[in-house]
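Asks: First the structure, then my questions, so here it is.
The values are calculated or read from the model by the stated rules, or taken from the named source; none is laboratory data. None of these values were measured; they are calculated from a predicted model. Here the Cβ positions follow ideal geometry from the backbone for every residue, glycine too, while neighbour counts run over all protein chains shown. In case anyone asks, the SASA skips ligands and DNA or RNA and just uses the protein heavy atoms, side chains included. Shrake-Rupley method; radii C 1.70, N 1.55, O 1.52, S 1.80 Å.
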Amino acid sequence: MSTMFTEHSKIHPVPERLLHAKKVAPKPHIDSFEAYQKMYKKSITDPEAFWGKSARELLHWHKPFETVVSGGFDYGDIAWFPEGELNASYNCVDRHALANPDKVAIIYEGNEPGNNRTITYGELLRDVSRLANALKSYGLRKGDTVAIYMPMVPEAIIAFLACARLGVVHSVVFAGFSAEALRDRIQDASSKLVITADEGRRGEKTIRIKKIVDEALKECPTVEHVLVYKRTGSDVPFKAPRDLWWHDEIEKHRPYCPPEIINSEDALFLLYTSGSTGKPKGILHTIAGYLLGAMITFKYVFDYHEGDVFGCMADIGWITGHTYIVYGPLCFGGTTVVFESTPIYPTPSRYWEVVAKHKITQFYTAPTAIRLLRRLGRHHVEGYDLSSLRVIGSVGEPINPEAWEWYNEVVGKGNCAVVDTYWQTETGSIVISPLPGAIPTKPGSATVPFFGVDPVILDPVTGEELHGNGVEGVLAFKQPWPSMAKTVYNNHHRYLDTYLKPYKGYYFTGDGVSRDGDGYYWILGRVDDVINASGHRLSTAEIESALVAHDGVAEAAVIGVAHDITGQEVHAFVTLKPRGESTEIKELILQVQKGIGTFAAPKKIYIVPDLPKTRSGKIMRRVLRKVVAGESDQLGDLSTLSDPSIISTLLDKVNE
Ligand code: ATP
Ligand code: MG
């Protein structure tokens, strides 16, 4: 691939405000590149010492562990802290409720501005306990699974923690999924209970959650009860004795429930991946390693300090919500924001209103939202006091340098650390990212590995490790890290086949990557999406970023299409900004020729109103490939596609 990214990228030093931190902001935990390197080196050369010490410092153990890690990649039998016993809910709630009961744990920002509520750690302990006692009364025990299909309300977090208190495994399903998708996930996990709500509100929309659950449950014989939280109070179908009202139930129970003491390697939750590349995988995470990963990355990547207010805009239905709305912040006794609305409701200033109102210190969102807000214009950001922000983060897809710069300038005012965090449902927590106060950034690069993460670049064909800088290939990890997933639920074969067998001795991420002259990592896109044209391996991220660098372009997705002579040719789908409507295709082709080279220029560009995305906001290139190939009858698993009506629009465009 070319070196467009790396050569053209501007290095952003650590912002002044973080360097001179003592005056205006807390001193960063890691405050120089050298300090990062030193600690990183220790974490890699002696992982047992590093993780053993971290686990003792950060987690509360009911029974200490003796072994730090056992097993390995060959059988996928890795176990962290195997003799240890602990409870995730105790770690997230009790220890803070005992020390500091009046501290705010959760700030709820409802769909309608002005609909706010806070929950202290003392209240959280009582609420979680009541619900846990209710769950116990239904006969739920350690190892059972519960589906959580809830809108973004604090009760969703209470549900996570009540399950964790009993060792009940939660399987959260994003409350925008259809009845079929919910049914499949309930069936796959054999869930005994569904925790849900009457309805949800997101922007202008009302989501008839309970009706969807009823539809799904027509084919879910394992479900004994449905616990329904009243979010809107609308009349909804209710089927006694199966259905139970949350409010009635929790009143029956005592506000203290002793936590079950559970082994480190028992399951904490299972969660299905976003489904960008195919049928979602039911990823299983276990207690101790996952919590440790959540906590330590929360501390260092977001530079968390006591008193901070953490604003992660993801939904709890995704791994980002699990790790950085729930487990990371609460394990630290921090304050976390539960945001129910959308970035554009009631206006495209909503995020900034929320940041100013709650004095959010760390703000975390996805490239799809950043590109949307950039498309709508910077005037929506102006006039809000964003001076509380120190760290602004991005996750989910490669962030195009143009969008990065916009985020940095318009939101961060050039005065915040921008952290482009690379990770996966399977990694449990961030694995490649800058650390505020320590790592100079380059727009488009996730920069350097987190402590204990040992990335390698493999030749995709031979599987050989490519050493040194200036190389590219597939991204893999050489050592286990505590928050890595332990299996695919009830399908250990699929786990081995997907992650551990493709390159023996390594964990395979499925993503392409390059390492530049400074040793920084650049995620180039999914291996499944790589384009091979006339012998050039082309990165989707790189070509898309060249297109987004055009002033008129809002978003871009590129794919490889079979070609007799060149193997594949590049086709691009582009959405325009409102003021970019007159953009001509010629200009866009030129843009790629200039930015990367003629060999990467798209042979066809379709201007479309929107791109196909997963419900978590990621571009689904596999759908575009099928549409262009005329195989729209073989689109594969579409349960994760957010707006199925997009397909006919795309087909019309392609067949024009
Ligand atoms: P599926 O595995 O079902 O196809 P998915 O991979 O989209 O879905 P997630 O676990 O939600 O499911 O997403 C992880 C993937 O998201 C990574 O493998 C990577 O491709 C992409 N990703 C996440 N963060 C970043 C980032 N900062 N930069 C580049 N890519 C990222
Ligand atoms: Mg994936």
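Asks: Go through the residues of segment 567-584 one by one and say whether even a single one is acidic (Asp, Glu) and open to solvent by less than 60 Å² (accessible area, probe 1.4 Å).
Replies: yes
Asks: What tally of residues in segment 419-442 results from selecting those that are under 26 Å from Arg350 (Cα atoms) and surrounded by fewer than 22 Cβ atoms within 10 Å (Cβ to Cβ)?
Replies: 0
Asks: Regarding Val355, is this residue in contact (Cβ under 8 Å) with a residue 24 or more places away in the chain, within 16 Å of ligand 1 (Cβ to nearest atom) and open to solvent by less than 10 Å² (accessible area, probe 1.4 Å)?
Replies: Details: in contact (Cβ under 8 Å) with a residue 24 or more places away in the chain: yes; within 16 Å of ligand 1 (Cβ to nearest atom): no; open to solvent by less than 10 Å² (accessible area, probe 1.4 Å): yes.
Criteria not met by Val355.
Asks: Please go through segment 281-328 and give me each residue that is open to solvent by less than 10 Å² (accessible area, probe 1.4 Å), within 14 Å of ligand 1 (Cβ to nearest atom) and small (Gly, Ala, Ser), ordered by number.
Replies: Gly282, Gly317, Gly321
Asks: Can you tell me which residues in segment 492-516 are in a helix (DSSP H, G or I) and either among the charged types (D, E, K, R) or within 12 Å of ligand 1 (Cβ to nearest atom) (or both)? So that I can check it myself, show each step before the final result.
Replies: Taking segment 492-516 first, the residues in a helix (DSSP H, G or I) are 492-500.
If the condition is that a residue be in a helix (DSSP H, G or I) and either among the charged types (D, E, K, R) or within 12 Å of ligand 1 (Cβ to nearest atom) (or both), then Arg494, Asp497, Thr498, Tyr499 are the ones that fit.
Asks: Separate question: Could you give every pair whose Cβ atoms fall below 7 Å, whose first residue belongs to segment 130-141 and is without any contact (Cβ under 8 Å) to a residue 60 or more places away in the chain and under 13 Å from Gly167 (Cα atoms), and whose second residue is open to solvent by 40 Å² or more (accessible area, probe 1.4 Å) and not in a helix (DSSP H, G or I), counting only separations of at least 6 or pairs across chains?
Replies: Leu140/Lys192
Asks: Output the strands (runs of 3 or more DSSP E) that fall wholly within segment 532-604 and possess 1 or more residues being among the hydrophobic types (A, V, I, L, M, F, W, C) and over 28 Å from the mean Cα position of the chain (by Cα), or say none.
Replies: Numbers: elements: 536-538, 553-563, 567-576.
So the answer is 553-563, 567-576.
Asks: Would a scan of segment 504-512 turn up a residue that is surrounded by fewer than 24 Cβ atoms within 10 Å (Cβ to Cβ), over 26 Å from the mean Cα position of the chain (by Cα), more than 15 Å from ligand 2 (Cβ to nearest atom) and not small (Gly, Ala, Ser)?
Replies: yes
Asks: Same structure again: Being of a type in the set (Val, Ile, Thr) and within 23 Å of Val93 (Cβ to Cβ) is the filter here, so list the residues in segment 163-182 that pass it. Show your work before the answer.
Replies: First, pick out the residues of segment 163-182 that are of a type in the set (Val, Ile, Thr): 168-169, 172-173.
Correct list: Val168, Val169, Val172.
Asks: Moving on. Out of the residues in segment 399-418 that are open to solvent by 50 Å² or more (accessible area, probe 1.4 Å) and on the phi < 0 side of the Ramachandran plot, which is modelled with the highest pLDDT?
Replies: Initial filter on segment 399-418 (open to solvent by 50 Å² or more (accessible area, probe 1.4 Å)): 402, 409, 413, 415.
Right, trim to on the phi < 0 side of the Ramachandran plot and you get 402, 409, 415.
On the way: Glu402: 95, Glu409: 98, Asn415: 94.
The selected residue is Glu409.
Asks: Residue under question is Ala55, and the condition is that it be buried (at least 22 other Cβ atoms within 10 Å of the Cβ), within 30 Å of Gly203 (Cβ to Cβ) and of a type in the set (A, V, I, L, M, F, W, C); does it hold? Walk me through it before giving the result.
Replies: Values: buried (at least 22 other Cβ atoms within 10 Å of the Cβ): yes; within 30 Å of Gly203 (Cβ to Cβ): no; of a type in the set (A, V, I, L, M, F, W, C): yes.
Here the answer is no, as Ala55 does not meet what is asked.
Asks: Of all residues in segment 192-232, how many are crowded, with 20+ Cβ neighbours inside 10 Å, under 25 Å from the mean Cα position of the chain (by Cα) and of a type in the set (A, V, I, L, M)?
Replies: Adding up the residues that qualify gives 6.
Asks: Would you mind stating whether Val461 is buried (at least 20 other Cβ atoms within 10 Å of the Cβ), among the β-branched types (Val, Ile, Thr) and more than 16 Å from ligand 2 (Cβ to nearest atom)? Working first, answer last.
Replies: On the way: buried (at least 20 other Cβ atoms within 10 Å of the Cβ): no; among the β-branched types (Val, Ile, Thr): yes; more than 16 Å from ligand 2 (Cβ to nearest atom): yes.
The answer is no for Val461.
Asks: Identify, by number, the condition in (1) away from ligand 1 (no atom under 16 Å from the Cβ); (2) of a type outside the set (D, E, K, R); (3) modelled with pLDDT under 95; (4) surrounded by fewer than 22 Cβ atoms within 10 Å (Cβ to Cβ) that Leu635 doesn't meet.
Replies: Condition not satisfied by Leu635: (1).
Asks: Ok, one more. Just to be sure, is Asp528 among the acidic types (Asp, Glu) and within 16 Å of ligand 2 (Cβ to nearest atom)? Let's see the steps before the verdict.
Replies: Numbers: among the acidic types (Asp, Glu): yes; within 16 Å of ligand 2 (Cβ to nearest atom): yes.
Against the criterion (among the acidic types (Asp, Glu) and within 16 Å of ligand 2 (Cβ to nearest atom)), Asp528 qualifies.
Asks: Has segment 366-386 got any residue that is within 15 Å of ligand 1 (Cβ to nearest atom), surrounded by fewer than 23 Cβ atoms within 10 Å (Cβ to Cβ) and farther than 29 Å from Arg537 by Cβ?
Replies: Yes, segment 366-386 contains at least one residue that is within 15 Å of ligand 1 (Cβ to nearest atom), surrounded by fewer than 23 Cβ atoms within 10 Å (Cβ to Cβ) and farther than 29 Å from Arg537 by Cβ.
Asks: Could you tell me how many of the residues in segment 95-116 are touching a Lys or Arg at 6+ places or on another chain (Cβ under 9 Å) and surrounded by 18 or more Cβ atoms within 10 Å (Cβ to Cβ)?
Replies: Quick first cut of segment 95-116, residues touching a Lys or Arg at 6+ places or on another chain (Cβ under 9 Å) only: 96-97, 106-113, 116.
Now narrow it down to the ones that are surrounded by 18 or more Cβ atoms within 10 Å (Cβ to Cβ): 96-97, 106-111.
Residues meeting the conditions: 8.
Asks: Using the structure shown, decide if Leu389 is touching a Pro at 6+ places or on another chain (Cβ under 8 Å) and not aromatic (Phe, Trp, Tyr). Give the derivation first.
Replies: Details: touching a Pro at 6+ places or on another chain (Cβ under 8 Å): no; not aromatic (Phe, Trp, Tyr): yes.
Judged against the criteria, Leu389 is not a match.
Asks: Got a number for residues in segment 269-280 being in a strand (DSSP E or B) and within 12 Å of ligand 1 (Cβ to nearest atom)?
Replies: Qualifying residue count, segment 269-280: 2.
Asks: Let me ask you something else. Is there a residue being surrounded by 13 or more Cβ atoms within 10 Å (Cβ to Cβ), out of contact with any strand residue (DSSP E or B) (no Cβ under 9 Å at 6 or more places or on another chain), of a type outside the set (Gly, Ala, Ser) and over 29 Å from Asp529 (Cα atoms) anywhere in segment 261-276? Give the derivation first.
Replies: Our first condition is that a residue be surrounded by 13 or more Cβ atoms within 10 Å (Cβ to Cβ); within segment 261-276, this holds for 261-276.
From what's left, out of contact with any strand residue (DSSP E or B) (no Cβ under 9 Å at 6 or more places or on another chain): none.
Within segment 261-276 (the criterion being surrounded by 13 or more Cβ atoms within 10 Å (Cβ to Cβ), out of contact with any strand residue (DSSP E or B) (no Cβ under 9 Å at 6 or more places or on another chain), of a type outside the set (Gly, Ala, Ser) and over 29 Å from Asp529 (Cα atoms)), the answer is no, since none of the residues qualifies.
Asks: Separate question: Please go through (1) modelled with pLDDT of 95 or more; (2) in a helix (DSSP H, G or I) for His60 and return the number of the only condition it doesn't satisfy.
Replies: His60 satisfies all of (1) modelled with pLDDT of 95 or more; (2) in a helix (DSSP H, G or I) except (2).
Asks: Here is a further query. Which of the following residues is in contact with a Gly (Cβ under 8 Å, 6 or more places away or on another chain), away from ligand 1 (no atom under 16 Å from the Cβ), farther than 30 Å from Trp423 by Cα and at pLDDT 95 or above: Glu260, Glu251, Glu219, Glu215? If you could, list the steps in order and put the result at the bottom.
Replies: Working: Glu251 fails: in contact with a Gly (Cβ under 8 Å, 6 or more places away or on another chain); Glu219 fails: in contact with a Gly (Cβ under 8 Å, 6 or more places away or on another chain); Glu215 fails: in contact with a Gly (Cβ under 8 Å, 6 or more places away or on another chain).
Result of the check over Glu260, Glu251, Glu219, Glu215: Glu260.
Asks: Taking the condition surrounded by fewer than 21 Cβ atoms within 10 Å (Cβ to Cβ) and closer than 30 Å to Ala79 by Cβ, does Asp454 pass? Before the answer, list the steps.
Replies: Details: surrounded by fewer than 21 Cβ atoms within 10 Å (Cβ to Cβ): yes; closer than 30 Å to Ala79 by Cβ: yes.
So Asp454 passes the test.
Asks: Among the residues of segment 214-236, count how many are assigned to a helix (DSSP H, G or I) and not hydrophobic (A, V, I, L, M, F, W, C). I'd like the intermediate steps shown before the answer.
Replies: Going residue by residue through segment 214-236, those that are assigned to a helix (DSSP H, G or I) are 214-219.
Cutting the leftovers down to not hydrophobic (A, V, I, L, M, F, W, C) gives us 214-215, 218-219.
So the count comes out to 4.
Asks: For segment 526-561, give me the residue count where each residue is open to solvent by 20 Å² or more (accessible area, probe 1.4 Å), farther than 16 Å from Met620 by Cα and in contact with a strand residue (DSSP E or B) (Cβ under 6 Å, 6 or more places away or on another chain). Before the answer, list the steps.
Replies: So in segment 526-561, the residues open to solvent by 20 Å² or more (accessible area, probe 1.4 Å) come out as 526-528, 530, 532, 534-537, 549-551, 561.
Retained after the next criterion (residues that are farther than 16 Å from Met620 by Cα): 532, 534-537, 549-551.
Right, trim to in contact with a strand residue (DSSP E or B) (Cβ under 6 Å, 6 or more places away or on another chain) and you get 532.
Result for segment 526-561: 1.
This table checks each residue for (1) within 16 Å of ligand 2 (Cβ to nearest atom); (2) within 17 Å of the chain's Cα centre (by Cα).
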{"residue": "Thr277", "(1), (2)": "yes, yes"}
{"residue": "Tyr290", "(1), (2)": "no, yes"}
{"residue": "Met295", "(1), (2)": "no, yes"}
{"residue": "Phe298", "(1), (2)": "no, yes"}
{"residue": "Phe302", "(1), (2)": "no, yes"}
{"residue": "Val309", "(1), (2)": "no, no"}
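Asks: Which one of these does Gly396 not meet: (1) more than 9 Å from ligand 1 (Cβ to nearest atom); (2) open to solvent by 10 Å² or more (accessible area, probe 1.4 Å)?
Replies: (1)
A quick yes/no check of all residues on (1) out of contact with any helix residue (DSSP H, G or I) (no Cβ under 7 Å at 6 or more places or on another chain); (2) within 12 Å of ligand 1 (Cβ to nearest atom); (3) β-branched (Val, Ile, Thr):
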residue	(1), (2), (3)
Gly525	no, yes, no
Asn532	yes, no, no
His536	no, no, no
Leu547	no, no, no
His550	no, no, no
Ile565	yes, no, yes
Gln568	yes, no, no
Ala572	no, no, no
